[in-house]
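Below is one structure; the comments refer to it alone.
The values are calculated or read from the model by the stated rules, or taken from the named source; none is laboratory data. Given the structure is predicted, the values throughout are model-derived calculations rather than measurements. Note that each Cβ is placed from the backbone with ideal geometry, even for glycine, and that neighbours are counted across all protein chains shown.
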Amino acid sequence: MICAVIGLVMAQSAGFELPASCAGWKGGPQQVILPSGVFKYMDGAGELYLGYGFKKLFVREYEKVGQPKVTCEVYLMPSSADAYGLFSQDRTGKDLRTGQGAIYASGLLLTWQGKHFVRVLADRETPEAKRCAMTLAKQVVKLCGPPGKPPAALAWLPSKGLDARSVHFFHTHACLNYFHFVSTGNILNLSLKTDAVMGTYSSPAGKSLALVVGYPREADARAAWERFRRGYLAGLKPTGEHSLVKMEDGKWLAGAQKGRRLFIILESPAREECMALMKALSSTDKRR
């Protein structure tokens, strides 16, 4: 009963069994953590994972004498799009050919496959721990079933000038602020029912940050755009159909609502750059 309250159940009834050992590391008891227990498992980062609606988290720790502990986490997500979304949280590191995409850096390996997001972390990096993490990730990916589809929302970001590693797919206000702080309040009315993509564009003028949000209904998008204008742009004087405005820090912002989507350039180094990217961004609405 206590385990049920805190969201922990034993692995034997979970239907997903992580490897009992790997490359000389011996695995401890497997835990299955439900959303209600995520804050008891991790300190501070739980909101990010809840923002993708994860269903279960499978965890096993591996130990070897004289080596750092290696922890493997496998998140079962509602969809393959959400598994990709968690993978998109941080792509700093070296690309690996594991699953549908993988990154490794300083003892941390991230990958995704189908509806599963996999995180393997060594307490500290050693050559042996690195081999263990990579071997373990390959073993786990085989347990995750067939590949899944990336988010359809990725097509909302034009490819020209886009830094592919900067792209994030998400749903909630907490996730948006994790990637780029916008406001303490949820001024875009984001929720698990909204899909959002954000990415950085580079040009000789500098870097621009673009955001596209899709809502269930056109009325939802309209209400969110009005709330954003009243809050984020309060005291400013946007001009034109794309609400172009120069912010206090000297960077440019533009935005528009079309149908069920919002298109916003959160920051851009120059007026012309901002307008050109805004036009390219909003033109993707024609390819629904």
Sole residue being in contact (Cβ under 8 Å) with a residue 12 or more places away in the chain and either over 30 Å from Pro78 (Cα atoms) or surrounded by 20 or more Cβ atoms within 10 Å (Cβ to Cβ) (or both), chosen from Ser183, Ser191, Ser208: Ser208
Some residue of region 206-214 being at pLDDT 95 or above and in a loop (DSSP other than H, G, I, E, B): no
Options Lys160, Lys142; residue that is in a loop (DSSP other than H, G, I, E, B) and surrounded by fewer than 16 Cβ atoms within 10 Å (Cβ to Cβ): Lys160
Extreme residue, surrounded by the most Cβ atoms within 10 Å (Cβ to Cβ), among residues of region 232-288 that are part of a strand (DSSP E or B) and in contact with a Phe, Trp or Tyr (Cβ under 6 Å, 6 or more places away or on another chain): Ser268
Hits in region 39-95 (condition: of a type in the set (D, E, K, R), at pLDDT 95 or above and closer than 20 Å to Gly107 by Cα): Arg60, Glu61, Glu63, Lys64, Lys69, Glu73, Lys94, Asp95
Among (1) surrounded by fewer than 18 Cβ atoms within 10 Å (Cβ to Cβ); (2) outside the structural domain of Cys22 (by TED's automatic domain parsing); (3) not in a loop (DSSP other than H, G, I, E, B), the one test that Thr200 misses: (1)
Residue check, Arg119 at negative phi, of a type in the set (D, E, K, R) and either part of a loop (DSSP other than H, G, I, E, B) or surrounded by fewer than 18 Cβ atoms within 10 Å (Cβ to Cβ) (or both): no
